[in-house]
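Worksheet: one structure, shown below.
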Amino acid sequence: MATKNRWVVVDDIDPKISYSGAWLPDNNGSGANPGNFGPPYLGTLHGISTNGSVSFPFNGTSIEVLGTNSVVNFDTNPDPNWECFIDGISIGRDNLFEWAESNWRFCGRHDFADGNHTLRIEVTVQSPNHTFWLDQIRYIPSPTLPLDNKTILIENTDPAVQFDTQWGSLAENANITTKQGSVARVTFIGTSISWYAYIPTEWPHNRSQGSWSMDGGEEITFSLEGLPADAKTTVYNQKFFTTPEFPVGTHNLVVTFHGSNQTTPLCLDYLYVKNGSFPTSSSPSSSGLDPGFKNTSTSTPGPQSSDIDDGGTSGGVPESTAQLLLPSPSPSSTLDSGGLSGGVPVGTIVGGVMGGLAVLLCLAGVFIFIRHRRLKGEFSVPHGSKYTTPTRFPFYYRGERHRRTVVSPGAMIQTEPRIIFTQEVALGDTDIKRATKGSLVKAKTGK
């Protein structure tokens with residue numbers, strides 16, 4: 001069974017993808033891993049240096065196309081260029097980017113009608129020296145679609161993922177810990193699971209370790225190699241480990257951090273689960289969470305805390321400050337035992353009555369004052385003045401979800417995906433109902 005916001009991931013070599021034109025598979029990584037967004041999914045790509053197309057049938061409600069971005073003349077006459085269609089209707093493409101990056105979103109559309117659809121990508125290439133690279137297709141499947149023999153992507157905020165209270169939020173887009181012995185747990189149905197994350201440059205770069213165990217079995221150690229000592233850029237989409245194949249069924253993965261605040265931290269961005277689904281009832285109230293565990297989809301991050309520290313790096317951690325996930329207070333800890341006797345203190349009743357009378361007297365005084373001023377004409381409209389109702393206008397709000405830094409020869413590009421709210425409101429309105437994702441690109445020359 002599918003669950004909302006869990007993506008089915010389809011590699012470029014999947015037989016359900018139909019290629020038209022002179023497409024060539026790249027299984028050796030010749031077009032792989034430019035920039036700092038990590039290697040392609042499963043290390044494979046399909047490329048074309050002439051005009052061509054791709055089609056893919058699916059049953060679901062949302063879809064995204066990812067590949068390796070390598071475009072010249074991106075702002076005038078881009079080469080290569082592409083356009084995406086759902087059931088013959090264009091959904092366009094995402095904004096082009098000047099620098100080469102893998103794991104780049106080419107196009108996508110969310111929340112359309114559930115059912116059978118067909119994705120088509122039309123590719124135009126002007127020069128044989130330029131190549132369009134397709135990496136993967138992701139879609140949110142229909143809730144009734146069986147997920148046998150599928151690979152599922154779930155985010156760190158999924159209810160199936162649980163963290164103890166020593167984990168924090170990294171820029172509200174991943175989870176991170178610097179505390180030795182901190183634990184994360186994942187309950188899933190399938191045969192294998194892979195852990196993907198950032199390696200943030202703001203924290204220490206020293207090598208560290210973690211371990212995983214499945215269903216209470218032996219702990220298997222994995223390395224957190226960290227970044228080079230002089231690295232200035234965070235890297236993304238890094239695979240920390242993949243488990244071997246287990247029998248199909250429900251499994252419980254436990255991951256433990258064995259480093260410290262002086263080593264590379266343990267981070268989680270998302271997971272790939274092979275051949276399976278997830279229990280539909282996974283939630284803090286129904287999944288039997290151990291005391292002190294939370295999942296980030298339902299817990300509220302506490303205030304900024306120094307418990308997730310940067311290991312002494314100068315200047316703190318700009319725009320990536322971790323927030324400690326604080327345990328929710330229990331009812332017994334928030335109630336005053338003196339107020340549980342069953343009666344209401346007389347002082348409380350008297351105080352309430354007196355306060356109410358004071359408010360009524362204040363309101364009466366304000367009413368008399370305003371009426372008196374109006375009678376004197378002080379609130380009359382000046383001759384020749386024009387007063388209108390509040391003007392309605394588009395209101396834009398930019399809230400950064402996370403920042404990614406892209407390094408290229410001679411320049412540093414910072415992409416800042418953010419949420420843009422677009423809603424017409426009158427002056428004084430506070431209700432903003434719709435959010436759409438966008439991206440903002442800032443360029444800094446390396447001169």
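A few remarks follow.
- Unique residue being buried (at least 16 other Cβ atoms within 10 Å of the Cβ), farther than 16 Å from HIS258 by Cα and not assigned by TED's automatic domain parsing to the domain that holds ASN36 when the list is THR242, THR201, THR177: THR201
- Failed item, numbered, when ILE152 is tested on (1) more than 14 Å from THR256 (Cβ to Cβ); (2) part of a loop (DSSP other than H, G, I, E, B): (2)
- GLY210 vs. criteria part of a strand (DSSP E or B), in contact (Cβ under 8 Å) with a residue 12 or more places away in the chain and in contact with a strand residue (DSSP E or B) (Cβ under 8 Å, 6 or more places away or on another chain): yes
- Pair list, Cβ under 6 Å, 6 or more apart: the stretch 224-253 residue at positive phi and touching a residue at least 60 places away in the same chain (Cβ under 8 Å), other residue of a type in the set (A, V, I, L, M, F, W, C) and in a loop (DSSP other than H, G, I, E, B): ASN237/PHE37
- Enumeration of residues in the stretch 150-197 that are over 27 Å from ASP14 (Cα atoms) and among the aromatic types (Phe, Trp, Tyr): PHE163, TRP167
- Filter result for GLU101 (touching a strand residue (DSSP E or B) at 6+ places or on another chain (Cβ under 7 Å), at pLDDT below 95 and assigned by TED's automatic domain parsing to the domain that holds ASN59): yes
- Strands (runs of 3 or more DSSP E) within the stretch 232-306 that include 3 or more residues over 22 Å from the mean Cα position of the chain (by Cα) and at pLDDT 90 or above: 249-257
- Strands (runs of 3 or more DSSP E) contained entirely in the stretch 39-149, each with at least 1 residues that are of a type in the set (Gly, Ala, Ser) and touching a residue at least 24 places away in the same chain (Cβ under 8 Å): 45-48, 52-69, 101-109, 115-124
- Options ILE63, ILE137, ILE48, ILE86; residue that is modelled with pLDDT of 95 or more, surrounded by 15 or more Cβ atoms within 10 Å (Cβ to Cβ) and farther than 28 Å from LYS239 by Cα: ILE86
- Within the stretch 53-83, the set of residues being out of contact with any Leu (no Cβ under 9 Å at 6 or more places or on another chain), within 29 Å of LEU145 (Cβ to Cβ) and small (Gly, Ala, Ser) comprises SER53, SER62.
- Sole exception among (1) more than 25 Å from the chain's Cα centre (by Cα); (2) surrounded by fewer than 18 Cβ atoms within 10 Å (Cβ to Cβ) for ASP111, by number: (1)
The values are calculated or read from the model by the stated rules, or taken from the named source; none is laboratory data. Note that the structure is a prediction, hence the values are computed from the model and not measured. Cβ sites come from the backbone with ideal geometry, for glycine too, and all protein chains shown count toward neighbours.
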